[in-house]
1. Hey, does region 52-65 have a residue that's assigned to a helix (DSSP H, G or I) and modelled with pLDDT of 95 or more?
2. Mind checking whether some residue in region 143-160 is of a type in the set (K, R) and over 25 Å from A260 (Cβ atoms)?
3. Based on this model, can you work out whether G139 counts as modelled with pLDDT of 95 or more, more than 14 Å from the chain's Cα centre (by Cα) and either surrounded by fewer than 16 Cβ atoms within 10 Å (Cβ to Cβ) or not polar (S, T, N, Q) (or both)?
4. Among the candidates A238, A249, which residue alone is of a type in the set (G, A, S), touching a strand residue (DSSP E or B) at 6+ places or on another chain (Cβ under 9 Å) and buried (at least 22 other Cβ atoms within 10 Å of the Cβ)?
5. Under 6 Å between Cβ atoms, which residue pairs at least 6 apart in sequence (or on different chains) link something in region 31-47 that is among the small types (G, A, S) with a partner that is surrounded by fewer than 18 Cβ atoms within 10 Å (Cβ to Cβ)?
6. For region 187-207, indicate whether the set of residues that are part of a loop (DSSP other than H, G, I, E, B), modelled with pLDDT under 80, surrounded by fewer than 24 Cβ atoms within 10 Å (Cβ to Cβ) and among the charged types (D, E, K, R) is non-empty.
7. Do we have any residue at all in region 242-249 that's modelled with pLDDT under 90 and more than 20 Å from R300 (Cβ to Cβ)?
Amino acid sequence: MPEAVKIGNRYIPYEERSGNESIVYFTRDISPEGIMKAYEKVNAGICGKVAIKLHTGEQHGPNFTPASWVKQFMEKELPDATIVETNTWYHGDRDTTEKHLETIKVNGWDFCPVDIMDAEGTITLPVKGGKWFTETSHGSHMTNYDSLFVLTHFKGHTVGGFGGANKNIGIGCADALVGKRNIHATSDDPMGIVEEEFGERMTESTKAVVDYFGKHITYVSIMRNMSVSCDCEGLNAAPVVTPNVGILASTDIVAIDNAAVDMIYAMTEEEHHDLVERIESRHGLRQLSYMKELGMGNDRYVLIDLDNDEKRIVAKDAVQNLKPFVRIKP
């Protein structure tokens, strides 16, 4: 195996980025209606049997996207879709299918079909251009779906620094016993992999899924209740100290995760201190640079303000003292 190189711990300002630009939509409306508004701008490739990948959370977790919101969204936009998850590698309320389904019921997700994709085994998907894997392991049910809607609660993450769309897929579609274990640890390092190597392994798992669905995958990220902790920490999550921002949407996973991180960095020191510390101390920014290196999308984007006639973003209204970090569409 190659050695991990520590190169991902620097935030790259927008003006230093290069390459093409993608479209990212933004609304401050953090509600079921806001999710609908964002999704309708990026759903052109969603067809056939649709899976919705989101984090259903540990039992009684305080920060994950409310199930009632997703229910309202699905009733209007995707009434026949299925929420998908995989079991966890760590011990807890979701490490077996039986316990996972009980947790889903406790957290209010039983209003629609929920598919634990690794309940009946695994599949392997190729990783093109990876340095850690040539293939990654995922829940076998994933291939039952034609399209994947990635509905992400953006927040911090204990190992990865932050949990955006990349984490939602890379960890969330990997099966418990093989895929997740290979991301978190190896036989040579059973105590766990950290920093750049963890981010790279997770990203390669994501790339396999993104390549599998091709044009039939899209992303909406909700920047609300952003603790430094992942929703997998449940009631043990650290308190939320970062202001709510809004909802982002894109068909480009690199652009949407970059936009979310940009909005965090654009906050005041007081507002973003804890989350930035979590991101940088875990070398989480490597997720962004490695996705771009693997050709998964663009780190430059045009931000379209859905609350302002889709023409431009009013920076001061997005978050307190938000700096104009992207080229504004005229």
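The values are calculated or read from the model by the stated rules, or taken from the named source; none is laboratory data. Not measured: the values here are computed from a predicted model. Because the Cβ atoms are built from the backbone with ideal geometry, glycine has one as well, and the counts that use them run over all protein chains shown.
1. As a first pass, look at region 52-65 and keep what is assigned to a helix (DSSP H, G or I): none.
So far as region 52-65 goes, no, none of its residues is assigned to a helix (DSSP H, G or I) and modelled with pLDDT of 95 or more.
2. Within region 143-160, not a single residue is of a type in the set (K, R) and over 25 Å from A260 (Cβ atoms).
3. Values: modelled with pLDDT of 95 or more: yes; more than 14 Å from the chain's Cα centre (by Cα): yes; either surrounded by fewer than 16 Cβ atoms within 10 Å (Cβ to Cβ) or not polar (S, T, N, Q) (or both): yes.
The answer is yes for G139.
4. Values: A238 fails: buried (at least 22 other Cβ atoms within 10 Å of the Cβ).
The match here is A249.
5. Hits for this filter: G45/K215; G45/H216.
6. yes
7. Residues of region 242-249 that are modelled with pLDDT under 90, as a first pass: none.
Among the residues of region 242-249, not one is modelled with pLDDT under 90 and more than 20 Å from R300 (Cβ to Cβ), which makes the answer no.
Quick grid of which residues meet (1) surrounded by fewer than 16 Cβ atoms within 10 Å (Cβ to Cβ); (2) over 19 Å from N236 (Cβ atoms); (3) in contact with a Leu (Cβ under 8 Å, 6 or more places away or on another chain); (4) not small (G, A, S):
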| residue | (1), (2), (3), (4) |
| --- | --- |
| E75 | yes, yes, no, yes |
| T82 | no, yes, no, yes |
| Y90 | yes, no, no, yes |
| L101 | no, yes, no, yes |
| G108 | yes, yes, no, no |
